[in-house]
Each structure stands twice: as structure tokens, then as C-alpha cells.
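Have a look at the structure below before the remarks.
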Amino acid sequence: DVSSPKHGKVDPDNMPHVGGNTWAGGTGGRDTAGLGGKGGPYRLDAGHTVYQISQAEKDAVPEEVKRAAREMGEKAFKQRLKEIQMSEYDASTYEGFSGAVRRQVQSLRIILDNLQ
């Protein structure tokens, strides 16, 4: 069961972690920042294969945990914007421009990776 959202421990060796309730950047777990899990405060990609839990499990997360996770994610987002000296308006504008060319940038990255 989920209890309360948290960032989680950072693995200094960046090993893949699947399931559980401990590691930041893990997949398919609960309460920690990662991908494919439930109850975490925000998405955090550590570059590993993502293991996805079922939508039914995600839907079963209590509303108070979802609310706490949203609040923690919003707080982390605002802190990150402050660190990079960006306003919420700047972030919204950036996302608008970035989203419009995201597919083309991804294609260009693939081409450049293949050339290397």
C-alpha cells in the first residue's frame, strides 16, 4: 500500500530498482519519485527500463496520497524553477516552443547518434 510521497534514496551506483518503496528513479514501485509506479510525487527517469504497474493499482491510490504527491511535485517544480532562475511564465512559454519541435529534435538526436 501507499503511505506518503517522498523523493527516495539516491543510489550512488545508479543500479536499476524495480518495485519497492526506497529508491528515487526506480520503476514500478510506490511512494518514491520514479516511473511506472504509484503514489510518487513526480516522475524521475534514471535511464533504466520502465516497469509499469496496472492502471487499476494507480486508481486505487487514496485521494489524500494523490493530493500530497501533487503538492510535493509542485513544490519541487517551483524550487527547480527558482534554481535555474526561471518564472512559471517562462517555463510555460518554453514548454510551448519546446513541444512544437519535440518530434523534430528527437529525430535529429537519433540521426546524430547514428552518425557518431
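Below are the figures for this structure:
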item: Members of the range 80-93 found to be closer than 20 Å to Leu44 by Cβ and surrounded by 10 or more Cβ atoms within 10 Å (Cβ to Cβ), listed by number; result: Arg80, Leu81, Lys82, Met86, Ala91
item: Matching residues, the range 1-13, being surrounded by fewer than 21 Cβ atoms within 10 Å (Cβ to Cβ), in a loop (DSSP other than H, G, I, E, B) and either in contact with a Phe, Trp or Tyr (Cβ under 6 Å, 6 or more places away or on another chain) or among the acidic types (Asp, Glu) (or both); result: Asp1, Asp11, Asp13
item: Residues within the range 33-61 that are in contact with a Pro (Cβ under 8 Å, 6 or more places away or on another chain) and under 19 Å from Ala76 (Cβ atoms), tallied; result: 5
item: Subset of the range 26-70 that is hydroxyl-bearing (Ser, Thr, Tyr) and in a loop (DSSP other than H, G, I, E, B) - its residue that is most open to solvent (accessible area, probe 1.4 Å); result: Tyr51
item: Subset of the range 1-18 (residues that are farther than 21 Å from Lys75 by Cα and modelled with pLDDT of 95 or more); result: Asp11, Pro12, Asp13, Asn14, Met15, Pro16, His17, Val18
item: Residue within the range 14-22 that is surrounded by 16 or more Cβ atoms within 10 Å (Cβ to Cβ), in a helix (DSSP H, G or I) and out of contact with any Cys (no Cβ under 6 Å at 6 or more places or on another chain) present; result: no
item: Positions within the range 71-89 being farther than 15 Å from Ser3 by Cα and either aliphatic (A, V, I, L, M) or outside any helix (DSSP H, G or I) (or both), in sequence order; result: Ala76, Leu81, Ile84, Gln85, Met86, Ser87
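The values are calculated or read from the model by the stated rules, or taken from the named source; none is laboratory data. Worth saying up front: this structure is predicted, and the values here are computed from it rather than measured. Backbone-built Cβ (ideal geometry, glycine too); neighbour counts: all protein chains shown. Protein only, heavy atoms only, side chains kept; ligands, DNA and RNA dropped before computing areas. Shrake-Rupley method; radii C 1.70, N 1.55, O 1.52, S 1.80 Å.
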